[in-house]
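Presented below is the structure to which this report refers.
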């Protein structure tokens, strides 16, 4: 299966970034073709997986000249702006850049499944693409979600094949916040053990197997 994982922030940075990285590695180790599209504040090289980056900031080759935005709940000591603090123009440029990069990856990689970290903008872009997609939801979904993002989050959540949660508490909050059917919310048993630098190998293997089975079920539901 060809799987594209997307994330607004760098890999190996905070729990969602570590989860995306460890999951991607585990999926690749079991024979799947994996690509990643992430936001970052610098270009990086020498990755063991193929990673496409939308770079924001002072890098002379950056895609966007403003700093990489952060979620309110992340990096509390950081001086980077939050997504909520972006101007409408900055948000439009960010979205357009992500859309063009996503479109190019879909054209050349032709993924069977897109798996987005966080539920709003990248999830809504995955919806627009027409490719089957799933989402992972994190604590940041519930903290000061800007009114501009709420419609995007609702569209992304409503149309996702599955939404994965790392624990039951987040699952309950997700169901209440977005009024979603239970059968489309899945708690991944080993997800919490993939959210820091050292991944539990057994958990990584377990999560990869759960994800692959879930992806296949989503594809079966959509295409028969």
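Arrange 83, 178 by Cβ neighbour counts within 10 Å, fewest through most, would you? Don't skip to the answer; put the middle values down first.
On the way: 83 22, 178 19.
Listing 83, 178 from fewest to most nearby Cβ atoms yields 178, 83.
In what order do 136, 214 fall by count of nearby beta-carbon atoms within 10 Å, going from fewest to most? Walk me through the numbers on the way to the answer.
On the way: 136 28, 214 18.
Neighbour counts put them in this order, fewest first: 214, 136.
If the chain linking residue 187 and residue 200 were pulled fully straight, counting 0.36 nm for each residue of separation and taking away their Cα-Cα distance, it would gain 2.9 nm. So, R0 is 25 Å and r is the distance between the beta-carbons of residue 99 and residue 158; what FRET efficiency does that work out to, to 0.05? For R0 = 25 Å, the calculated efficiency reads 0.80. Name all residues of segment 119-160 having a backbone nitrogen under 15 Å from the label point set 7 Å from the Cα of residue 84 along its Cα→Cβ direction, giving them as ranges. Label zone hits: 139-151.
The simple spin-label model puts a point 7 Å past each Cα toward its Cβ; for residue 1 and residue 59 those points are separated by 3.0 nm. Taking the structure as given and computing Rg/Rh (Cα atoms, Kirkwood Rh), which label from (1) 0.95; (2) 1.00; (3) 0.93 fits? Here Rg/Rh (Cα atoms, Kirkwood Rh) agrees with entry (3).
For a Förster distance of 30 Å, can you work out the FRET efficiency between the beta-carbons of residue 168 and residue 52, rounded to the nearest 0.05?
Working: r = 33 Å, r/R0 = 1.11.
Once the sixth-power term is evaluated, E becomes 0.35.
Ranked by how many other Cβ atoms sit within 10 Å of their own Cβ, fewest first, the residues 6, 30, 48 fall in the order 48, 30, 6.
Read the figures in this text as sums done on the coordinates, not as results from a lab. It should be emphasised that the depicted structure is a prediction, and the values quoted were computed from it without experimental measurement. In this analysis, Cβ positions are derived from the backbone assuming ideal geometry, glycine residues included, and neighbour counts consider all displayed protein chains.
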